[in-house]
Amino acid sequence: MFRSLRRALCAAAAALLLMLAGVGAQTVHADPADAADRAGAGDRAAAAGAGYWHTSGRQMLDAAGQPVRIAGINWFGFETANYTPHGLWARDYKSMIDQMKSLGYNTIRLPYSDDLFKSGTVPNSIDFSGGKNADLQGLGSLQIMDRIVAYAGQGGLKVVLDRHRPDAAGQSALWYTSAVPESTWIANLKALATRYRGNSTVIGIDLHNEPHDPACWGCGDTTRDWRLAAQRAGNAVLSVNPELLIFVEGVQTFNGVSGWWGGNLMGVAQYPVQLDVPNRVVYSAHDYATSVAQQSWFSDPAFPANMPGIWDKYWGYIFKQNIAPVWVGEFGTTLQSTIDQKWLAALVSYLRPTSTYGADSISWTFWSWNPNSGDTGGILKDDWTTVDTVKDGYLASVKAPGFPSGGGDPGDPGDPGGGTAACTAAYTVSSDWGGGFNAEVKVTNSGTVALKSWKVTWTWPGTQKVTSMWNASYTQSGATVTASNADHNGALAVGGSASFGFGGAPGGGGAPAVSCTAT
């Protein structure tokens, strides 16, 4: 909503990163349309997610009928004039996806524009030096999307494709423009649905990002009624790939009540989206903090206690009344203000912690992975590698297990038994300032069967103590530390990996020998 704030900031930061990465003098256009003007764990949950998904009441279920929760991240760039995800000027795409998984994100929302389907579209700003992104050389944008989907699926991540804009120039209030009519929008949605038919890594399509005024819900005007347009497009998608989920965002205003762009789903109660294939609709809301724009509820004296009631009104009732699943497709903040910190803590609580509710929870994809989102920042810092552990830490309680690797064959019976469970661990000191240090440990499944859990042990030669740890829990006895996986990253496919990090003190310690035990 209120889209203008980030253009200069994002473009400058991205251009600087390009020069540092040695990609050349191309201009990187950061996404000006996204957000600004914008358990039950256990063995059963760890194995959930195979195959295509469907809905039942407020839950999404996998091909075997097990409940699943999207706990993911937005990685934007395909919808910009780079025509490829951002950050590939700095890193290899596989390392980026590996890091997403290691942090406990199980789904990637990939925004794109209809420019990807034009013959003259050429992806740019990708660094191929030192072997980075080697298998993307010479590919078109849709072929790069294929590679990202394939690698994400190998790692057990799911993908939601998001038609973010009609073209790279900017967001549109309606699902069509004079240059990109409804017929083109639907044709391209069908082309994507056909392209990934049979590949259950792609679980669904978000039909259009952030419809807003003059878009309406239930008004009956076919030129403005987003609910009717979503039905037309959703049925078109399902006509070529009936297994997909159809993600439908809200509008800005319903019956005179306005909210975030795409965030107002009040009309669903009276005018639900009805598709030809049952159990395929997931409603998607967007919600932001003051770093994006002010809203009246932030200045309410009752804030943040007033927020659950606000969310109930706009979209939470859909989940609470068991109407359909709800997915908060975008939410984010720079976390600079106290208000924003309180907002994020309240929203995470509202989404329901996985440890308490399992997959009977509201799904989400955080905005964004990218650091060059000018009004929110990202999970990564400006070097495109370092994790903002404070921001990532807010999301810890609502992260959820990953999914089986591969295309998600619903007929896969799982491990037939008789294999060997084994893992290795690599310990790296990322920074040391004398009085303390930060380190990362990467755990890799080196066995022949999928892992359910792992633990890593090491003994320091000195007096070092762990001061904090993320993406794992730990105990320390003397100089010996034992770190065990978190709920969201214990399950590892063969060859898969997960990472955890920690701070310690004092500094000056090298990397000790580590051992890894797996089950």
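The values are calculated or read from the model by the stated rules, or taken from the named source; none is laboratory data. Note that this is a predicted model, so its numbers are computed, not measured. As a convention, Cβ positions derive from the backbone with ideal geometry for all residues, glycine included, and neighbour counts pool all protein chains shown. These area figures cover heavy atoms from the full protein model, side chains too; ligands, DNA and RNA do not enter into them. Shrake-Rupley method; radii C 1.70, N 1.55, O 1.52, S 1.80 Å.
Among the residues of segment 484-497, at least one is surrounded by 15 or more Cβ atoms within 10 Å (Cβ to Cβ), part of a strand (DSSP E or B) and modelled with pLDDT of 90 or more. Residues that are assigned to a loop (DSSP other than H, G, I, E, B), over 18 Å from the mean Cα position of the chain (by Cα) and small (Gly, Ala, Ser) within segment 54-111 comprise Gly57, Ala63, Ala64, Gly65, Ala81, Ala90, listed in sequence order.
One residue is enough: does segment 210-223 have a residue meeting the conditions buried (at least 21 other Cβ atoms within 10 Å of the Cβ) and among the polar types (S, T, N, Q)? No; the residues of segment 210-223 include none that is buried (at least 21 other Cβ atoms within 10 Å of the Cβ) and among the polar types (S, T, N, Q). Between Val398, Val390, the distinction of being touching a Lys or Arg at 6+ places or on another chain (Cβ under 8 Å) and modelled with pLDDT of 95 or more belongs to Val398 only. Scanning segment 268-313 for residues that are touching a Pro at 6+ places or on another chain (Cβ under 9 Å) and in a strand (DSSP E or B) yields Val281, Val282, Tyr283. Among the residues of segment 459-483, write down those that are hydrophobic (A, V, I, L, M, F, W, C), in contact with a Gly (Cβ under 8 Å, 6 or more places away or on another chain) and either open to solvent by less than 40 Å² (accessible area, probe 1.4 Å) or modelled with pLDDT of 90 or more (or both). Of everything in segment 459-483, those that are hydrophobic (A, V, I, L, M, F, W, C), in contact with a Gly (Cβ under 8 Å, 6 or more places away or on another chain) and either open to solvent by less than 40 Å² (accessible area, probe 1.4 Å) or modelled with pLDDT of 90 or more (or both) turn out to be Trp460, Val466, Met469, Ala479.
If you filter segment 294-313 down to residues that are farther than 25 Å from Ala269 by Cα and modelled with pLDDT of 95 or more, you find that the one that is surrounded by the fewest Cβ atoms within 10 Å (Cβ to Cβ) is Pro301. In summary, Lys94 fulfils each of the numbered conditions (1) open to solvent by less than 10 Å² (accessible area, probe 1.4 Å); (2) over 21 Å from Ala324 (Cβ atoms); (3) at pLDDT 95 or above; (4) not aromatic (Phe, Trp, Tyr) with the single exception of condition (1). Do we have any residue at all in segment 154-165 that's assigned to a helix (DSSP H, G or I), modelled with pLDDT under 95 and more than 14 Å from Tyr83 (Cα to Cα)? Yes, because at least one residue in segment 154-165 is assigned to a helix (DSSP H, G or I), modelled with pLDDT under 95 and more than 14 Å from Tyr83 (Cα to Cα). Residues of segment 314-347 that are in contact with a Leu (Cβ under 8 Å, 6 or more places away or on another chain), open to solvent by less than 10 Å² (accessible area, probe 1.4 Å) and part of a helix (DSSP H, G or I): Trp315, Ile318, Leu344. Can you spot a residue in segment 234-244 that is under 21 Å from Leu110 (Cβ atoms), open to solvent by 40 Å² or more (accessible area, probe 1.4 Å), of a type outside the set (Asp, Glu) and within 26 Å of the chain's Cα centre (by Cα)? There is no residue in segment 234-244 that is under 21 Å from Leu110 (Cβ atoms), open to solvent by 40 Å² or more (accessible area, probe 1.4 Å), of a type outside the set (Asp, Glu) and within 26 Å of the chain's Cα centre (by Cα). On the given criteria, is Ile186 among the aliphatic types (A, V, I, L, M), at pLDDT 95 or above and open to solvent by less than 10 Å² (accessible area, probe 1.4 Å)? Criteria not met by Ile186.
Filtered by the rule that a residue be assigned to a strand (DSSP E or B) and small (Gly, Ala, Ser), segment 452-483 gives Ser468, Ala472, Ser473, Ser477, Ala483.
Filtered by the rule that a residue be surrounded by 18 or more Cβ atoms within 10 Å (Cβ to Cβ), aliphatic (A, V, I, L, M) and part of a helix (DSSP H, G or I), segment 113-141 gives Leu116, Leu136. Of the residues making up segment 498-519, those that are open to solvent by 40 Å² or more (accessible area, probe 1.4 Å), part of a loop (DSSP other than H, G, I, E, B) and under 18 Å from Trp454 (Cβ atoms) number 2.
State yes or no: is Asn438 closer than 22 Å to Gln99 by Cα and touching a Leu at 6+ places or on another chain (Cβ under 7 Å)? Criteria not met by Asn438. Assess whether Ile339 counts as being modelled with pLDDT of 95 or more, over 18 Å from Phe366 (Cβ atoms) and touching a strand residue (DSSP E or B) at 6+ places or on another chain (Cβ under 9 Å). When the stated conditions are applied, Ile339 does not pass them. Contact map, segment 459-479: first residue within 24 Å of Leu103 (Cα to Cα), second residue aliphatic (A, V, I, L, M) and outside any strand (DSSP E or B), Cβ cut-off under 6 Å, separation 6 or more or different chains; pairs are Asn471/Ala486; Ala472/Ala486. Scanning segment 348-392 for residues that are closer than 26 Å to Ala305 by Cβ and among the hydrophobic types (A, V, I, L, M, F, W, C), we see that the one that is surrounded by the most Cβ atoms within 10 Å (Cβ to Cβ) is Trp367. Residues of segment 444-458 that are open to solvent by less than 70 Å² (accessible area, probe 1.4 Å) and touching a Gly at 6+ places or on another chain (Cβ under 9 Å): Thr444, Asn445, Ser446, Gly447, Val449, Ala450, Leu451, Ser453, Trp454. Per the conditions (1) of a type in the set (Ser, Thr, Tyr); (2) more than 30 Å from Ser200 (Cα to Cα); (3) at pLDDT 85 or above, the sole criterion not satisfied by Thr424 is (2).
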